[in-house]
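All remarks here apply to the structure that follows.
The values are calculated or read from the model by the stated rules, or taken from the named source; none is laboratory data. In this text, all values refer to a predicted model and were calculated from it rather than measured experimentally. Here the Cβ positions follow ideal geometry from the backbone for every residue, glycine too, while neighbour counts run over all protein chains shown. Each accessible area value is taken on the protein alone, full model and side chains, heavy atoms only, with ligands, DNA and RNA left out. Shrake-Rupley method; radii C 1.70, N 1.55, O 1.52, S 1.80 Å.
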Amino acid sequence: NVLLGASREQFRYNTTSASRKDFPTDDFEVIDPGDAATATATGNKTYSALTSVFGRLNYSYKDRYLFEANVRRDGSSKFARGHRWGTFPSAAFAWTVLNEPWMKPVQSVMSNLKIRVGYGITGQQEIGDYKYMASYTLGTNPNGQYLGSFLLKPNGYSPDLKWEQTTTYNLGIDYGFLNNRINGSVEIYKKNTKDLLNNVSAPAGTNFSNIIIANVGEMENKGVEFNINALAINTKDFTWELGYNVTWNDSKITKLTA
């Protein structure tokens, strides 16, 4: 089974806000424009896009050995040229042990026994727009005027922003008994994230803001997940399902670059 595809997403935001204060009368027959000195009007417009191409290959042999490979290449307008594109591959293999001929003696009791192993890289670009480029905001504070005009103030930015990437390794076992009336899984995983995107403090004098978005370090997550489910009662008028799960996770920052 082979899949090839492409996608493009575009996001446009437009906002407008206006206000005026100090209306001395609430008589609807009198048109009262309010105090002109308090009039304000602001607006904002942003645009971002994500372009992707991707492919997937699934292969199954005798319903016992399952293989899947994926690769996608994503381009985001939220990063500068040279950092805009990221390639994210993944692969997984599963062995349905229960379907092996030598497992026939237990197939009357077991309904599922599968071992899974996987590897993959994912990207993260959920940050604001234009954070990598110089931009300006029109000041609205009346005390910040010069010769009757409002001033443009520069915003903080990080010109070298790039994709945050998470590499995941996992090993799992799926099991089932009595036609899957009892079923569950055990999972061991490890995730390594690099080029973390986060808000950080900028040293005084190094940027136009004391808080900027930047790639600031690395993180490691590892853990074990276990779950078991049981269909205790299943009749025409009454069904009772039980479930239990427990997770252990260890998360730590392994590197900070800012």
(request) Take the residues in segment 128-151 that are outside any loop (DSSP other than H, G, I, E, B) and under 19 Å from N210 (Cβ atoms), then tell me which one is modelled with the lowest pLDDT. (result) G144
(message) Please count how many residues of segment 38-68 are in a strand (DSSP E or B) and either of a type in the set (S, T, Y) or closer than 18 Å to Y132 by Cα (or both).
(response) 15
(message) Of everything in segment 57-102, what is charged (D, E, K, R) and in contact with an Asp or Glu (Cβ under 7 Å, 6 or more places away or on another chain)? Give them in sequence order.
(response) R64, K78
(request) Name every residue in segment 100-117 that is without any contact (Cβ under 8 Å) to a residue 60 or more places away in the chain and either crowded, with 16+ Cβ neighbours inside 10 Å or closer than 30 Å to L197 by Cα (or both), in order of residue number. (result) R116, V117
(request) Can you tell me which residue within segment 9-33, out of those that are of a type in the set (A, V, I, L, M) and at pLDDT below 65, is nearest to Y47 (Cα to Cα)? (result) I31
(request) Could you tell me whether any residue of segment 127-144 is under 21 Å from the mean Cα position of the chain (by Cα) and surrounded by fewer than 14 Cβ atoms within 10 Å (Cβ to Cβ)? (result) yes
(request) Take the residues in segment 69-85 that are farther than 15 Å from I121 by Cβ and either assigned to a strand (DSSP E or B) or of a type outside the set (A, V, I, L, M, F, W, C) (or both), then tell me which one is most open to solvent (accessible area, probe 1.4 Å). (result) R81
(message) Show me the strands (runs of 3 or more DSSP E) found entirely inside segment 154-258 where at least 3 residues are within 25 Å of A91 (Cβ to Cβ) and open to solvent by 40 Å² or more (accessible area, probe 1.4 Å).
(response) 164-177, 182-194, 217-234, 239-256
(request) Count, please, the residues in segment 34-66 that happen to be open to solvent by 70 Å² or more (accessible area, probe 1.4 Å), modelled with pLDDT of 95 or more and within 30 Å of R8 (Cβ to Cβ). (result) 4
(request) Return yes or no: is I233 in contact (Cβ under 8 Å) with a residue 12 or more places away in the chain and either farther than 30 Å from H83 by Cα or of a type in the set (S, T, Y) (or both)? (result) no
(message) Looking at segment 86-113 only, could you name the residues that are within 13 Å of D174 (Cβ to Cβ), β-branched (V, I, T) and part of a helix (DSSP H, G or I)?
(response) V97
